[in-house]
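**Student:** Before I ask anything, here is the structure I am working with.
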Amino acid sequence: MGFSGSLGGTTFQTLKLAASPSSIFMASLRIQSPKALNLHLSKFYFRRKTFPFLCRAQSTSAVQAAVSISEQAEKVSKTQWKAAIDFKWIRDNKDVVAVNIKNRNSDADLELVLELYERMLSHQKEVEWLRGERNVVANKMKGKLEASERQVLIEQGKKLKEDLVTLEENLVELTDQLQQEAQCIPNTTHPDVPIGGEDCSALRKMVGSPPQFSFTVKDHLQLGKEMDLFDFDAAAEVSGSKFYYLKNEAVLLEMGLINWAISEVMKKGFTPLTTPEIVRSSIVEKCGFQPRGQNTQVYSIEGSDQCLIGTAEIPVGGIHMDSIIPASSLPLKYVAVSHCFRTEAGAAGTATRGLYRVHQFCKVEMFILCRPEESNFYHEELIGIEEDLFSSLGLHFKTLDMASCDLGAPAYRKFDVEAWMPGLGRYGEISSASNCTDYQSRRLGIRYRPSQQDQSSANAKKGKGNQSPTQFVHTLNATACAVPRMIVCLLESFQQEDGSVIIPEVLRPFMGGLDTIHPKFGRN
């Protein structure tokens, strides 16, 4: 689950802050072993819009927090990782990649990537030639030589060394620029995904029908006021706008929703987790999220390379970073509960009022690591779990196959669930399920080693020690319960004429048997 101002998408708005066909683009992201490298920032920062450094997280890793944006652009900073990208494949399939970039409405600069790649290849050849010449000179100096001949060779060796140092530094800089630009290229797109904007998304399923009321419907803000469930005013004084206090039965409702969701998902074989809620910014990058302009959704921690998570997908994705998972352990299924923090930059209007769009909330997130050939199957399983959960609550909702422009960079395909919210008078996103194929695992370095039987059936070559060569896992994520929007749905869908709200039966055991929330103040 990603950002995009949504609780279920795979984007960061701009971590939109997102190859098959699946193999097409996935082949373009071949991971090399992650190494520390120098990152030349100037061209990268000035090609994109700069934005306030200390109040928004950067998708580039660990930049010195004490210097200003303009100073950073002139300095070389250390990156903590290196994405694995098959540049040769990108070059050989540039038309396919270009169409995908266009369909995804991505700002990736393919021409710059190809230009940097050719320059890097040229520099690599020069470096190899100079190294060879240096070795020739070194070998000549091993023999018996006249003093004058030795002096000539010493001068040649010195010149070669100086040229090599300069060229190697340039090569590192080129490689870093190439890496940073190529990391912006999005995942490929499932062939069945509709091409276009959000309006082009395809309806997969419609469940139930809008509830009918014989009285004037109230929104969750009015209901919450009458039942004394929220305090937005006090939270605004304490923390700022788009924060809130939950009170009385709303606290029980939040706890009940979390425990109910975890309990139900565990029945499907998921291991429960709580996660760190502060992560290194490099982990955010490795999960495939890139900032776009000033509307980043990530809160950074001033003076550090850390930020607050916007979804448990990020810390859960990091659990197996830089590891090889035994094939027998796959699939790995996790259900994680965490707080999530989002700036919601640019969000405005009546659709963002109350609990619908907030800066901090609780969420239960599902995450799967599996074999590549199984990811489509588990994607269907995830959306099926979500649909079962929301159906058991008695909600009216629809499931959408989201169009290409609405996919975040890591997502190969994304299904959204939008529930009817009577008080708002519209559908609102409450969940999503995304198949990220190996886009994230190639950055996180998560591999598995197929069994010998798997490899022999595929006639694959064996690696060192007669072991099967490793492959990258596929990762998937889906929202089991985004608490604030679920509270909106429940309050508005199950409100009664007397101002009370009926608690869905499946939640009652998780709320101490509470079946109804009653008004505490007089109704208007």
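**Student:** Counting each pair of different Cα atoms once, what's the Kirkwood radius of region 198-285 in Å, rounded to one decimal?
**Tutor:** Every distinct Cα pair counted, the radius reaches 17.7 Å.
**Student:** If you take the square roots of the eigenvalues of the alpha-carbon gyration tensor of region 385-439 and sort them as a ≥ b ≥ c, do you get rounded (a/c under 1.5), prolate (a/b over b/c) or oblate?
**Tutor:** Oblate is the answer for region 385-439, as a/c is 1.5 or above yet b/c matches or exceeds a/b.
**Student:** Something else: Just to check, using Stokes-Einstein with a Kirkwood Rh over alpha carbon pairs, what's the diffusion coefficient of region 163-230 at 20 °C and 1.002 mPa s in µm²/s?
**Tutor:** Using the Kirkwood radius from Cα pairs, D works out to 112 µm²/s.
**Student:** Also, quick follow-up: Under a 5 Å amide H to amide H cut-off, with H placed in plane at 1.01 Å, what residues pair with Phe361 once short-range neighbours are removed?
**Tutor:** Cys340
**Student:** Let me ask something else about it. From the backbone phi of region 204-214, what are the Karplus-calculated ³J(HN,Hα) couplings (6.51 cos²θ - 1.76 cosθ + 1.60, θ = phi - 60°) in whole Hz, Gly and Pro given as x?
**Tutor:** 9, 7, 10, 10, x, 9, x, x, 9, 10, 9
**Student:** Pull up the cross-link candidates among the aspartates and glutamates for Lys140, meaning alpha carbon to alpha carbon under 15 Å and not fewer than 8 places away within one chain.
**Tutor:** Glu149, Glu155
**Student:** Continuing with the same structure: Pairs to check: Lys125/Lys161; Lys125/Lys286; Lys247/Lys520; Lys242/Lys398; Lys242/Lys414. Give those whose C-alpha atoms are more than 19 Å from each other in this structure.
**Tutor:** Lys125/Lys286; Lys242/Lys398; Lys242/Lys414
**Student:** Given a 1.4 Å probe and heavy atoms of the protein chains only, how would you sort His339, His359, largest accessible area at the top? Provide the component values of the computation, followed by the final result.
**Tutor:** On the way: His339 70, His359 20 Å².
I get His339, His359, largest accessible area first.
**Student:** Let me ask another. Determine ³J(HN,Hα), in whole Hz, for all residues of region 186-195 in sequence, where each value follows from phi through the Karplus function 6.51 cos²θ - 1.76 cosθ + 1.60 and θ = phi - 60°; x replaces Gly and Pro.
**Tutor:** Once θ is set to phi - 60°, the couplings for region 186-195 become x, 4, 6, 10, 4, x, 8, 5, x, 8 Hz.
**Student:** With respect to the cross-link table entries Lys205/Lys363; Lys82/Lys159; Lys94/Lys363, which display a Cα-Cα separation exceeding 28 Å?
**Tutor:** Those over the limit are Lys82/Lys159; Lys94/Lys363.
**Student:** Could you go through region 440-446 in sequence order and give the Karplus-derived ³J(HN,Hα) for each residue, using 6.51 cos²θ - 1.76 cosθ + 1.60 with θ = phi - 60°, rounded to whole Hz, and x for Gly and Pro?
**Tutor:** 7, 5, 5, 7, 7, x, 9
**Student:** Right, another one. Taking the Cα centre of each part, how many Å lie between region 190-251 and region 309-340?
**Tutor:** Between the Cα centres of region 190-251 and region 309-340 lies a distance of 28 Å.
**Student:** Let me ask something else about it. Extending each Cα 7 Å along its Cβ direction at Gln124 and Lys144, get the distance between those two points in nm, one decimal.
**Tutor:** 4.4
**Student:** Something else now. How large is the Kirkwood hydrodynamic radius of region 94-177, in angstrom, based on all distinct alpha carbon pairs?
**Tutor:** So the Kirkwood estimate lands at 15.6 Å.
The values are calculated or read from the model by the stated rules, or taken from the named source; none is laboratory data. Small disclaimer: the values here were computed from a predicted structure and weren't measured. Here Cβ is always computed from backbone atoms with ideal geometry, including for glycine, and neighbour counts include all displayed protein chains. We work out accessible area using only protein heavy atoms, side chains counted, and drop any ligands, DNA or RNA first. Shrake-Rupley method; radii C 1.70, N 1.55, O 1.52, S 1.80 Å.
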